[in-house]
Ligand SMILES: Nc1ncnc2c1ncn2[C@@H]1O[C@H](COP(=O)(O)OP(=O)(O)OP(=O)(O)O)[C@@H](O)[C@H]1O
Ligand SMILES: [Mg+2]
């Protein structure tokens, strides 16, 4: 197990290097210049700025200067927000994304798991059909349709919540619900599929032949195996929720990391793009590792080898 | 020699009757059939409809401004007085194009990669699939965004960029299928006949993993369309004056309180299309009776 | 002797997309205390479905029990509610299955699964049940049972797993054990061990056993009474001695001819020609007709299902004139 974790960490390091390299070159391929903002800069200031970020150096030198800084854990200051460290931008904005993401995931699991289990146990009944139709709706209604609908109902019509923004303590509800509903749909479908597969296994028949009551069969005998696909999905789902928050943050005007990432791409803020991308990649690597460990723990066959 | 030669064609008729069997089962699935018909209708409307529209795509009627649906403008007009009907239909064409072409790209890459890995097996296979695992753990939305800005906003590059990140699952599915097939008798037979590797892969193995691939392809199209719409929503997708359902929804969401039809109509078209694609995919899965290739 | 279970006219059908499959068609048999009753027949002849339906273990839908009764004690198993059946399963009637590799839950410790019937039916607490579990493992000949309890099924070999299944089935000391091809998936040496174990436990505990198999050699070894099934129907039923001495039905004789050990050396192995009929389109008359040797075929019933006739004391055979050796007493 330790060896597994160690080799995975090593591999993760490689991933981070690749991500950094790809980002470094891709963002520089984009037409546009980090300092060509609204206000034109005097040539001397521009030259100074270019010097500070090593933009006056040949590309390969730039690469090693930036890579070296990242390797030391220095994410460099932003090019756009002068003098602000990228690490501070991430530290300020990521908690917003994380809060939304975690509450969305909680909602998704809280709704999706029971719905999927019930649909599997009551297969081909109206309960199954209605749960699965709702899930299909969740998959087909993209966040940017779902979001405005929820805004319209709960903010504009009922006036219970703010349409957008990040001012009150309740502002997390609508974005988290929007995202949660969509992931709940995926989780419900996965749960149903996984449970159905397990409920057809021979060992479930054994349990029934022992006289185990239906509820206990589901909880004690089927759930562990049936939830494996969901656990496997949790990694990507959490990753998708935290790194895919661009749209939610745009709809609900949230000061999260996603907004900064998209903004930095538009502004050609090279260092901030690099910093956010590497941060996202590191986050993903950690999440995937955690999800693998959790899966191994759930599955005795992997756990013990 | 003769035994080997007869073993190969022997597998073909069975494949065809399997297809007929699946078609018979699919036909019994009412929901999937209805969805299929709706899809065809939407395709026809989007690809042929704009030809019959009286309004041009970018024809503005600034005096008219935004009006709700009427006899002259069935889907109403937007703030610039542009006819929504033609915009929604041609927007659909863009969305469907992206969906189909990006899926085709991912299909080509995924099938070639997965088939090669599964067929060669051994170390090559494990290295190739390890690479896929690594790619899986990249923040892929981030890369789609970076790719789209890096290579300009050309639509073709958009297809390519999306296809380039969507092939991973396809590769896994194909590999799993090929791996199972590569051990079958008729492949051994083909090998003993001295057929080349690539010929064996594409003539004998690929047809046999077609089922899962078809199913997954149908499910990739809506996923890709969703991605394109998300990019358009972020302002990274198709550029004006062109529109896609994603960009129309983006504009509609901004004015949903005052001009709800600008949001409702494209959103409805988009969602119904996704809905139908998913149900047809699910129906195909049941009809072809494939298990997901992931495990 | 008194019957432990008496099954009468059991009829089970599956309503599938491709029509109604008559998996079990009017099967009757009885099991007496301490007896081992065999059910033999080719794959697909309905042996498993017969036994599963006694315990309500067939999936409904598509399966449906269309008629018959199964008197166990003073209850008709076929009429019990799911809740009452749960009380019978694993406590008074237990089952073991064909494939030990898939019949144990890979996610639960062997011990946990083993003692589950005790916890459910006898309300034992964890510690007491665990102790009994260790004894039960020792009883079926698993070395070092205390450590084995804490392991997972994948750490056991196939034969060991089947031993665990047997221990689990017998841990509550049921009156009846249904063994559905318990040795088919094992290799030959292990087969014999498992068979000996079942025989031994059956003697010691005095339980009745229904033993399903398609292997007549196994039947010969352990069964007192044999029921031969073909295409969902009983074609012959007799004491083992009687059946092996005087097989009457053509299908039984064909089965016996195909036991490899009984065939003359040097002759090609005999297999019954043709395939069993499609159970969703059974012919009206004798189901074995299509596989009969040509000159007897003409004699087979074609219009009505041949009835079971007792042609000697305790020896029943399906009365199709074409299939019964030596003619039928009229
Ligand atoms: N769930 C089901 N749905 C449809 N048909 C079924 C189902 N279960 C069993 N059958 C049918 O019932 C018939 C009898 O099956 P059964 O499992 O009892 O055979 P068997 O004699 O136990 O064979 P084997 O030796 O292979 O175990 C088969 O023809 C099978 O096709
Ligand atoms: Mg069976």
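Based on what the data block shows, is residue C:228 more than 22 Å from residue C:305 (Cα to Cα) and not in a loop (DSSP other than H, G, I, E, B)? It is false that residue C:228 is more than 22 Å from residue C:305 (Cα to Cα) and not in a loop (DSSP other than H, G, I, E, B).
Taking residue C:147, is it assigned to a helix (DSSP H, G or I), out of contact with any helix residue (DSSP H, G or I) (no Cβ under 6 Å at 6 or more places or on another chain) and surrounded by fewer than 21 Cβ atoms within 10 Å (Cβ to Cβ)? The answer is yes for residue C:147. Screening residue C:104 with (1) out of contact with any strand residue (DSSP E or B) (no Cβ under 8 Å at 6 or more places or on another chain); (2) away from ligand 1 (no atom under 11 Å from the Cβ); (3) free of Cβ contacts under 8 Å to residues at least 24 places away in the same chain gives one miss only, at (3). Answer with yes or no whether residue B:213 is modelled with pLDDT of 80 or more and either more than 14 Å from every other protein chain (Cβ to nearest Cβ) or outside any helix (DSSP H, G or I) (or both). Judged against the criteria, residue B:213 is a match. Among the conditions (1) under 22 Å from the mean Cα position of the chain (by Cα); (2) at pLDDT 80 or above; (3) more than 8 Å from chain A (Cβ to nearest Cβ), the only one that residue B:264 does not satisfy is (1).
For the list (1) at pLDDT 90 or above; (2) part of a helix (DSSP H, G or I), I need the number of the one condition that residue C:120 fails. In the conditions (1) at pLDDT 90 or above; (2) part of a helix (DSSP H, G or I), residue C:120 misses (1) alone. Taking the condition more than 9 Å from every other protein chain (Cβ to nearest Cβ) and farther than 24 Å from residue C:49 by Cα, does residue A:192 pass? Spelling it out, residue A:192 is indeed more than 9 Å from every other protein chain (Cβ to nearest Cβ) and farther than 24 Å from residue C:49 by Cα. Considering every residue within the stretch C:175-184, establish whether at least one is surrounded by fewer than 23 Cβ atoms within 10 Å (Cβ to Cβ), free of Cβ contacts under 8 Å to residues at least 40 places away in the same chain, outside any helix (DSSP H, G or I) and more than 16 Å from ligand 1 (Cβ to nearest atom). For the stretch C:175-184, residues surrounded by fewer than 23 Cβ atoms within 10 Å (Cβ to Cβ), free of Cβ contacts under 8 Å to residues at least 40 places away in the same chain, outside any helix (DSSP H, G or I) and more than 16 Å from ligand 1 (Cβ to nearest atom): absent.
Hey, could you check the stretch C:263-303 for residues that are more than 27 Å from the chain's Cα centre (by Cα), assigned to a loop (DSSP other than H, G, I, E, B) and loosely packed, with under 10 Cβ neighbours inside 10 Å and say which is modelled with the highest pLDDT?
C:303
When we screen C:198, C:166 for residues that are away from ligand 2 (no atom under 16 Å from the Cβ), within 14 Å of another protein chain (Cβ to nearest Cβ) and crowded, with 22+ Cβ neighbours inside 10 Å, the only hit is C:166. Taken over the stretch C:185-207, the criterion of being part of a helix (DSSP H, G or I), within 16 Å of ligand 1 (Cβ to nearest atom) and touching a residue at least 60 places away in the same chain (Cβ under 8 Å) is satisfied by no residue. Against the condition touching a helix residue (DSSP H, G or I) at 6+ places or on another chain (Cβ under 8 Å), away from ligand 1 (no atom under 16 Å from the Cβ) and more than 14 Å from chain A (Cβ to nearest Cβ), how does residue C:245 come out, does it pass? It is false that residue C:245 is touching a helix residue (DSSP H, G or I) at 6+ places or on another chain (Cβ under 8 Å), away from ligand 1 (no atom under 16 Å from the Cβ) and more than 14 Å from chain A (Cβ to nearest Cβ).
Is the stretch C:229-240 home to any residue that is within 12 Å of the chain's Cα centre (by Cα) and within 16 Å of ligand 2 (Cβ to nearest atom)? So far as the stretch C:229-240 goes, yes, one or more of its residues are within 12 Å of the chain's Cα centre (by Cα) and within 16 Å of ligand 2 (Cβ to nearest atom).
Here residue B:270 does not qualify as within 8 Å of chain A (Cβ to nearest Cβ) and over 16 Å from the mean Cα position of the chain (by Cα).
For the stretch B:134-147, which positions are within 18 Å of residue A:260 (Cα to Cα), in a helix (DSSP H, G or I) and at the interface with chain A (Cβ under 9 Å from one of its Cβ atoms)? Matches in the stretch B:134-147: B:140, B:141, B:142, B:143, B:145, B:146, B:147.
A single entry from A:74, A:56 fulfils the requirement of being part of a loop (DSSP other than H, G, I, E, B) and either surrounded by 20 or more Cβ atoms within 10 Å (Cβ to Cβ) or in contact with a helix residue (DSSP H, G or I) (Cβ under 6 Å, 6 or more places away or on another chain) (or both): A:56.
Filtering the stretch A:124-158 to residues that are within 13 Å of chain B (Cβ to nearest Cβ), closer than 25 Å to residue A:225 by Cα and assigned to a loop (DSSP other than H, G, I, E, B) leaves only A:124.
Look at the stretch C:37-53 and say how many of its residues are more than 12 Å from ligand 2 (Cβ to nearest atom) and more than 12 Å from residue C:11 (Cα to Cα).
2
Within the stretch C:124-144, does at least one residue satisfy the condition of being closer than 18 Å to residue C:205 by Cα, within 11 Å of chain A (Cβ to nearest Cβ), assigned to a loop (DSSP other than H, G, I, E, B) and away from ligand 1 (no atom under 16 Å from the Cβ)? There is no residue in the stretch C:124-144 that is closer than 18 Å to residue C:205 by Cα, within 11 Å of chain A (Cβ to nearest Cβ), assigned to a loop (DSSP other than H, G, I, E, B) and away from ligand 1 (no atom under 16 Å from the Cβ). Among the residues of the stretch C:81-99, those identified as over 16 Å from residue C:4 (Cβ atoms) and either in contact with a strand residue (DSSP E or B) (Cβ under 6 Å, 6 or more places away or on another chain) or more than 9 Å from every other protein chain (Cβ to nearest Cβ) (or both) are C:81, C:84, C:96, C:97, C:98.
Entry remark, the stretch C:210-225: residues being in a strand (DSSP E or B) and within 16 Å of ligand 2 (Cβ to nearest atom) number 4 in total. Here A:225, A:244, A:256 are screened, and the one residue that is free of Cβ contacts under 8 Å to residues at least 40 places away in the same chain and more than 14 Å from chain C (Cβ to nearest Cβ) is A:244. In the stretch A:151-180, of all residues being within 21 Å of residue B:266 (Cα to Cα) and surrounded by 22 or more Cβ atoms within 10 Å (Cβ to Cβ), the one that is modelled with the lowest pLDDT corresponds to A:151. Looking at the stretch C:208-218, which of the residues that are surrounded by 15 or more Cβ atoms within 10 Å (Cβ to Cβ) and more than 21 Å from residue C:93 (Cα to Cα) is nearest to ligand 1 (Cβ to nearest atom)? Within the stretch C:208-218, the match that is nearest to ligand 1 (Cβ to nearest atom) is C:214. Note on the stretch C:54-91: residues that are over 27 Å from residue C:119 (Cβ atoms), surrounded by fewer than 18 Cβ atoms within 10 Å (Cβ to Cβ) and within 16 Å of ligand 2 (Cβ to nearest atom) amount to 0. Filter the stretch C:37-52 down to the residues that are within 14 Å of chain A (Cβ to nearest Cβ) and within 7 Å of ligand 1 (Cβ to nearest atom), then identify the one that is farthest from the chain's Cα centre (by Cα). Looking at the filtered set, the residue picked out is C:49. Checked against the criterion of being crowded, with 21+ Cβ neighbours inside 10 Å and either within 14 Å of another protein chain (Cβ to nearest Cβ) or within 16 Å of ligand 1 (Cβ to nearest atom) (or both), the candidates C:250, C:238, C:231 yield just one match: C:231. All told, residue C:96 meets the bar of being under 22 Å from residue C:194 (Cα atoms) and surrounded by 20 or more Cβ atoms within 10 Å (Cβ to Cβ).
The values are calculated or read from the model by the stated rules, or taken from the named source; none is laboratory data. Everything quoted here is computed from the prediction, not taken from an experiment. We place every Cβ from the backbone using ideal geometry, glycine too, and count neighbours over all the protein chains shown.
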